[in-house]
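Down below is the structure, laid out as structure tokens.
The values are calculated or read from the model by the stated rules, or taken from the named source; none is laboratory data. Computed from a predicted structure; not experimentally measured. Cβ: placed from backbone, ideal geometry, glycine included. Neighbour counts: every protein chain shown.
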Amino acid sequence: MLTKNNPIGVMDSGVGGLTTVKELQKLISTENLIYFGDNKNVPYGNKTEEEIIHLTRGAIEFLISEGAKVIAVACNTISTIIDKIAADYDVKIIKVIDPVVDYIKNSLNVDKVGLIATNFTVKSGYYDKMLGNIKVYGKGSPELAAMVDSGKIDREEAKRVIRIHMEDVLRAGGDIKHVILGCTHYPIIKDIFQECYPEINFINPAYEQAVAVINYLNEKSILKDEGTGSFNVYTTGASDPYNVIMNMLNMSMPEEIIKYEKELALL
């Protein structure tokens, strides 16, 4: 039986989902958090659907084995296909895309938005389908997530890549005021996006996902609202990028960064 003391599980293809962890820490510091990042196989956005599903199952099953009372899929690419396997698990799975779609529909009076994401996310058309009458002008980036995940971010190179993708979006969409950062890696360098395009509102889905997780736990009366929360990170890859990115995000550091040794082998 799940209790308040069971942890919130957060998963991503790499370090990007730490943006969701940061928002959770800011909103409620009493929760226990466990993070799984598959840095060995990042980025997922350049893989096939079959490969993504296989890797995702491994991550979900690990978090369930650790007692996760809810799993936040802090990866846009995984979120586009998670409905195909979510029913196989008893734990609640909260995607990163749906909360930001609700925010756009309910809080922004717009008829179009921009989207910068992985190739897989853009090609899936998931944002287009979910946003309905709101036109989405999307551009996929094959390299930006991996650049961030390395922890070795060259600001000038990041600016160059961002400008290439953003100019494609603005050329196609015209007078766009709001752009979704459709990969949780991207809010880590939101300041670089903002420096290049100060007039654009770059939407961070991590905050909306964190709110959705807390609302769900409240509804189920399993929100841990007392004491001090723990935080542990598991990664299939190197730990160094985590230290770099968490310092960049100015977030609470984990008790441990643990190497996950079990193979999440591709099919």
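Identify, please: which residue in region 195-223 is of a type in the set (Gly, Ala, Ser) and within 17 Å of ALA74 (Cβ to Cβ) and is, among those, modelled with the lowest pLDDT?
Of region 195-223, the ones of a type in the set (Gly, Ala, Ser) are 206, 210, 212, 221.
Remaining after also requiring within 17 Å of ALA74 (Cβ to Cβ): 206, 210, 212.
Details: ALA206: 94, ALA210: 97, ALA212: 97.
Looking at the filtered set, the residue picked out is ALA206.
Go through region 29-59 and give me each residue that's in contact (Cβ under 8 Å) with a residue 60 or more places away in the chain, surrounded by fewer than 17 Cβ atoms within 10 Å (Cβ to Cβ) and part of a loop (DSSP other than H, G, I, E, B).
Correct list: SER29, THR30.
Scan (1) under 17 Å from the mean Cα position of the chain (by Cα); (2) among the charged types (D, E, K, R); (3) within 20 Å of GLY37 (Cβ to Cβ) for the single condition LYS69 breaks and write down its number.
(1)
Would you please name the residue that is farthest from LYS112 (Cα to Cα), looking only at residues in region 126-176 that are surrounded by 13 or more Cβ atoms within 10 Å (Cβ to Cβ) and β-branched (Val, Ile, Thr)?
The qualifying residue farthest from LYS112 (Cα to Cα) is ILE153.
Would you point out the residue of region 72-120, among those that are hydroxyl-bearing (Ser, Thr, Tyr) and in the same structural domain as THR184 (by TED's automatic domain parsing), that is farthest from the chain's Cα centre (by Cα)?
SER107
Counting residues that are β-branched (Val, Ile, Thr), which helices (runs of 4 or more DSSP H) fully inside region 97-164 reach at least 2?
97-107, 119-124
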